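A short write-up of the structure that comes next.
The values are calculated or read from the model by the stated rules, or taken from the named source; none is laboratory data. The model shown is predicted, which means the values in this text are computed figures rather than measured ones. All Cβ positions, glycine included, derive from the backbone under ideal geometry; neighbour counts span all protein chains shown. Only protein heavy atoms, including side chains, enter the accessible area calculation; ligands, DNA and RNA are left aside. Shrake-Rupley method; radii C 1.70, N 1.55, O 1.52, S 1.80 Å.
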Amino acid sequence: MTAPQADLIVDRPLVTDGAALWRIAKNSGSLDLNSSYSYLLWCRDFAGTSAVARGADGEPVGFVTGYIRPDRPDTLLVWQVAVDAAERGRGVAARLLDGLTAQVAAELAVTAVETTITPGNTASERLFASYADRHGAAVERSVLFEAGEFPDGPHHPEVLYRIGPLTPTSH
């Protein structure tokens, strides 16, 4: 792993970041791309449960989007994590995930993180396994959506990763 950028800033996304988040997601090669409109809305409506990494020029080089589960207010669901190709391998995704969960846990009573990962997405599997290790939390895995449940053609199943419990000192 290359050393992380010292001048990298992790903060909340702004609506004006929506286009950059859409571009980063589009260029990721692994994410299900949502409409550009959805990234604009995400930056407006879920900025408090999302984070963006900015380079020295202030432009986004990575992001993590999430929300609090309505039926489990102690759980942060991480929707997407993406890092610009030029910044991969520098720990940006880990910094984003750690920064976001620290921010959300300071404001809300979050004790668990959930995400879904398609089988074979080793980068995401490693990211969330290392997150659990850093925070001394267990990881439970179960299939959330089977391949046949997706109405838009062939899709891999989505495996739910539940990481917790997080303790006040682990984030």
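Looking at segment 142-159 only, could you name the residues that are under 20 Å from Ser30 (Cα atoms) and not in a loop (DSSP other than H, G, I, E, B)? Let's see the steps before the verdict.
Of the residues in segment 142-159, the ones under 20 Å from Ser30 (Cα atoms) are 143-159.
The answer is Val143, Leu144, Phe145, Ala147, Gly148, Glu149, Glu158, Val159.
Of the candidates Leu76, Leu31, the single residue that is closer than 30 Å to Pro154 by Cβ and touching an Asp or Glu at 6+ places or on another chain (Cβ under 8 Å) is Leu76.
Considering only segment 104-116, I want to know if a residue exists there that is of a type in the set (Val, Ile, Thr), in contact (Cβ under 8 Å) with a residue 24 or more places away in the chain, farther than 28 Å from Leu14 by Cβ and surrounded by 18 or more Cβ atoms within 10 Å (Cβ to Cβ).
Among the residues of segment 104-116, at least one is of a type in the set (Val, Ile, Thr), in contact (Cβ under 8 Å) with a residue 24 or more places away in the chain, farther than 28 Å from Leu14 by Cβ and surrounded by 18 or more Cβ atoms within 10 Å (Cβ to Cβ), which makes the answer yes.
Filtered by the rule that a residue be open to solvent by 80 Å² or more (accessible area, probe 1.4 Å) and among the hydrophobic types (A, V, I, L, M, F, W, C), segment 144-164 gives a lone residue, Phe145. Condition check: at pLDDT 95 or above and either of a type in the set (Gly, Ala, Ser) or in contact with a Pro (Cβ under 6 Å, 6 or more places away or on another chain) (or both). Does Ser28 satisfy that? For Ser28, the condition - at pLDDT 95 or above and either of a type in the set (Gly, Ala, Ser) or in contact with a Pro (Cβ under 6 Å, 6 or more places away or on another chain) (or both) - is not met.
Listed by position, the strands (runs of 3 or more DSSP E) contained in segment 39-124 that have at least 3 residues being farther than 19 Å from Thr167 by Cβ and in contact with a helix residue (DSSP H, G or I) (Cβ under 7 Å, 6 or more places away or on another chain) are 51-54, 60-69, 72-83.
Ala132 meets each of the listed conditions (1) open to solvent by 20 Å² or more (accessible area, probe 1.4 Å); (2) within 20 Å of Leu160 (Cβ to Cβ); (3) assigned to a helix (DSSP H, G or I) apart from (1).
Looking at this structure, is Asp45 modelled with pLDDT of 95 or more, open to solvent by less than 30 Å² (accessible area, probe 1.4 Å) and charged (D, E, K, R)? It would help to see each step written out before you state the result.
Details: modelled with pLDDT of 95 or more: yes; open to solvent by less than 30 Å² (accessible area, probe 1.4 Å): no; charged (D, E, K, R): yes.
So Asp45 fails the test.
A residue that is in a loop (DSSP other than H, G, I, E, B) and open to solvent by 60 Å² or more (accessible area, probe 1.4 Å) occurs somewhere in segment 11-22. Only one of the numbered conditions (1) over 20 Å from Arg69 (Cβ atoms); (2) modelled with pLDDT under 95; (3) surrounded by 12 or more Cβ atoms within 10 Å (Cβ to Cβ); (4) among the β-branched types (Val, Ile, Thr) is not met by Thr167, and that is (1).
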